[in-house]
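Below: the structure, in structure tokens.
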Amino acid sequence: MKNEEEASERPDNTAFTQQQLPAWQPVLSAGIIIPGFLIIGLAFLGIGIALFLTSQTIQVLEMDYTGVEKDSPCFRCTSPSNQTCTCEVTFSLSTLFTGPVFFYYGLSNYFQNFRKYGVSKDDYQLTGDTQYFKSPRDVCFPYAHDSKNNPIVPCGAIASSMFNDTFELYQIINGTKKKVPLDGKGISWWTDYNIKYRNPLPVNGSFASAFDGTVKPINWPKAAYELDLTDPNNNGFLNQDFLVWMRRAALPQFRKLYRRITEGDYATGLPAGNYSLTVYYNYPVLSFDGRKKVVFSNVSWMGGKNDFLGIAYLVVGSLCVVMSVVMLIVYAKFKFSDDDDA
Amino acid sequence: CFSSSAAAHIGVGISGQEGIQAVLASDYSFSQFRFLQRLLLVHGRWSYLRMCRFLCYFFYKNFAFTMVHFWFGFFCGFSAQTVYDQYFITLYNIVYTSLPVLAMGLFDQDVPEQRSLEYPKLYEPGQLNLLFNKREFFICIAQGIYTSVVLFFIPYGVLSHATQSNGVPLADYQTFAVTTATALVIVVSVQIALDTGYWTAINHFFIWGSLGTYFTILFAMHSSILFNIFPKQFHFLGSAHNTLGQPVVWLTIALATVICIAPVLAFRFLKLDLKPQLSDTVRYTQLVLQKKQKPCGRVGRGVGGG
């Protein structure tokens, strides 16, 4: 009987309960760490050189057109007026700007990442749910209803602050202006255009009727269903410029893609010469000390010009190589001094 | 006898013929006085080691996670905009980083039990409070803050001017969030891999499983299925595919990982070389012994059997 009692009270003798599970016990040995640092350092140096050289081949042209200085071409547009002001920015290219050329507009001191700004939109409206057209969500306040209490579609601060400067680019050849065709298709994310944002279904065959009983955002010149009357696939909430704007930026200085230059005579790039950029200046930024600029850039496999990544990789790679040498010296000194003592 | 148990760190009772009153009042109890040696030198020492490593890692990973918002505040108008997706914040401590550190806290051993009994001097760090004191705590916090600086400013430096190869800029909020979150999970996972000294199958499963779970949940939450059911909740649609398909993003994550982990590795290696603790020496000799014993053991058995 005593043996049975002993057997029933004996603790488990498995590897798990006795903490004797088979295990790998790594040790930071010199044979792994020092070559490891060297390999990582050399790999990073190689990647850094590739990135830096690629980045150097990318051409970028930035022009601030806010019109802060009195002698800048858009200065007369900075005083507020109700009419659209047009100004012309001229620039010249000394060499061929290799295509395809991407045309961005940039804003600075513009906090699209502000929390209250970022939540101020109605996701249900933007999926075409007309139930929310008449009653926008509360987070859109104060951009949910106008002064006569009509519901605004699309509501919210992000939509209301949509960038509405437009641009036309001309090359000046022998004194005449030749228009450079700008392509605005597919500048937004595929998932935004195809899944996330959906237009409401037309009512009685008319797309505009789906918006009956609502008003456009106060700052918009045209309603959502008039954003692009020439192309029904670019109208309403599927308008590419609208989608690009709604994808809010992470940082106060940002660029957004406006158009691509890929067609006609300019498919291979912008040849050297004089150019004139006509700006339809609508968007006021000086009240909060913001700046507007246009950027022309071409891309490579790693995207646009990005010196930071290349330089960071070079710095980290060389530090790793230096560290591996230092560790080797320390290890050798320690090991041999230890052997000498023994 | 009750007051002495109350004044000490732990109370140990011996159950025996004088009754079990001491057992009821104590934290640990056993039946023979000689078991006290194992309680202190093996289990007590391991428990101290595990607790200290667990605490240091826990503070580190939470500081690395949270301080990113502090740095982001300077760039978002101090509006309390989170850097990460809301669901990532919810799941970070519960799902993505809880199990590896739990496994380390349960199974870690620096030195096997036989060596713990052979070298009683290994018990000293516990008595002298060497493994987790004010200095060690500040080092853990400082490492967390350094990691948060790297995890914010490296994506900030890279993504602010980066574009995809089709020209679409990468500087949008959702790309930034996914990049920073992925870099964070990878860095803290590599750190727990460095901290774990005793890799059982359970440790492997928890560490690799947590990383795999992160990517699974990330792609699931950014998929169209969940978006179509709850458009307001899952508005990060498409971010995972878009972001993690860019080579620039992976280069950023690799860079951030190396900048965070390489100093730790170098520091630990140098400390091991220049100022090894007794546990390091015992562990090293134990492992060297194990490697030598394996082929000798097989030969020995063959000779013994024959």
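The values are calculated or read from the model by the stated rules, or taken from the named source; none is laboratory data. The structure displayed is predicted, hence computed values, not measured ones. When we count neighbours, we look across all protein chains shown, and the Cβ atoms used for this are built from the backbone with ideal geometry, even at glycine. Accessible surface is based on the protein model in full, side chains and every heavy atom, while ligands, DNA and RNA are left aside. Shrake-Rupley method; radii C 1.70, N 1.55, O 1.52, S 1.80 Å.
Of everything listed in (1) under 30 Å from A:THR17 (Cβ atoms); (2) surrounded by fewer than 21 Cβ atoms within 10 Å (Cβ to Cβ), the single unmet condition for B:GLY77 is (1). Quick one: would you say A:LYS293 is open to solvent by 40 Å² or more (accessible area, probe 1.4 Å), modelled with pLDDT of 90 or more, farther than 20 Å from A:THR130 by Cα and not in a loop (DSSP other than H, G, I, E, B)? Judged against the criteria, A:LYS293 is a match. Among the residues making up the stretch B:245-256, those that are open to solvent by 20 Å² or more (accessible area, probe 1.4 Å) and outside any loop (DSSP other than H, G, I, E, B) are B:PRO247, B:TRP250, B:LEU251, B:ALA254.
The single residue among A:CYS77, A:CYS87 that is away from every other protein chain (no Cβ under 14 Å), in contact with a helix residue (DSSP H, G or I) (Cβ under 7 Å, 6 or more places away or on another chain) and either farther than 30 Å from A:PRO136 by Cβ or crowded, with 17+ Cβ neighbours inside 10 Å (or both) turns out to be A:CYS87. For the criterion of being touching a residue at least 24 places away in the same chain (Cβ under 8 Å) and away from chain A (no Cβ under 14 Å), B:PHE65 passes. Are there any pairs, at least 6 apart or on different chains, whose C-beta atoms fall under 6 Å, with the first in the stretch B:274-285 and within 15 Å of B:LEU128 (Cβ to Cβ) and the second surrounded by 13 or more Cβ atoms within 10 Å (Cβ to Cβ), and if so, which? So the pair list comes out as B:LEU278/B:LEU122; B:SER279/B:ASP110; B:SER279/B:VAL111; B:SER279/B:LEU122. Could you tell me whether B:GLY167 is of a type outside the set (Ser, Thr, Tyr), surrounded by 20 or more Cβ atoms within 10 Å (Cβ to Cβ), in contact with an Asp or Glu (Cβ under 8 Å, 6 or more places away or on another chain) and facing chain A (nearest Cβ under 7 Å)? In short, no.
Cβ separations smaller than 6 Å between residues 6+ apart or across chains give the following pairs from the stretch B:107-131 residues that are under 27 Å from A:ALA15 (Cα atoms) to residues that are of a type in the set (Phe, Trp, Tyr) and open to solvent by 40 Å² or more (accessible area, probe 1.4 Å): B:GLY126/B:TYR48. Closer than 28 Å to B:PHE205 by Cα, more than 11 Å from every other protein chain (Cβ to nearest Cβ) and surrounded by 14 or more Cβ atoms within 10 Å (Cβ to Cβ): which single residue out of B:TYR92, B:TYR123 fits that description? It is B:TYR92. Consider B:LEU226 carefully, then state whether it is of a type in the set (A, V, I, L, M, F, W, C), in contact with a Pro (Cβ under 9 Å, 6 or more places away or on another chain) and more than 21 Å from B:VAL185 (Cα to Cα). So B:LEU226 fails the test. Go through the residues of the stretch A:307-327 one by one and say whether even a single one is closer than 30 Å to A:VAL279 by Cβ, within 9 Å of chain B (Cβ to nearest Cβ) and assigned to a loop (DSSP other than H, G, I, E, B). Taking every residue of the stretch A:307-327 in turn, none turns out to be closer than 30 Å to A:VAL279 by Cβ, within 9 Å of chain B (Cβ to nearest Cβ) and assigned to a loop (DSSP other than H, G, I, E, B).
Within the stretch B:218-237, the set of residues being facing chain A (nearest Cβ under 9 Å), over 19 Å from B:THR82 (Cβ atoms) and either in contact with a Lys or Arg (Cβ under 7 Å, 6 or more places away or on another chain) or not in a loop (DSSP other than H, G, I, E, B) (or both) comprises B:SER224, B:PHE227, B:ASN228. Among the numbered conditions (1) more than 8 Å from chain A (Cβ to nearest Cβ); (2) open to solvent by 10 Å² or more (accessible area, probe 1.4 Å), the only one that B:VAL188 does not meet is (2).
Would you mind finding the one in B:GLN246, B:GLN286 that is in contact with a strand residue (DSSP E or B) (Cβ under 9 Å, 6 or more places away or on another chain) and either at negative phi or modelled with pLDDT of 90 or more (or both)?
After applying the criteria, what remains is B:GLN246.
Kindly establish whether A:TRP220 is more than 10 Å from every other protein chain (Cβ to nearest Cβ), assigned to a helix (DSSP H, G or I) and over 30 Å from B:VAL258 (Cα atoms). Considered against the rule, which asks whether it is more than 10 Å from every other protein chain (Cβ to nearest Cβ), assigned to a helix (DSSP H, G or I) and over 30 Å from B:VAL258 (Cα atoms), A:TRP220 comes out as no. The condition (being open to solvent by less than 20 Å² (accessible area, probe 1.4 Å) and either among the aliphatic types (A, V, I, L, M) or assigned to a helix (DSSP H, G or I) (or both)) is satisfied by just one residue among B:MET51, B:MET67, B:MET104: B:MET104.
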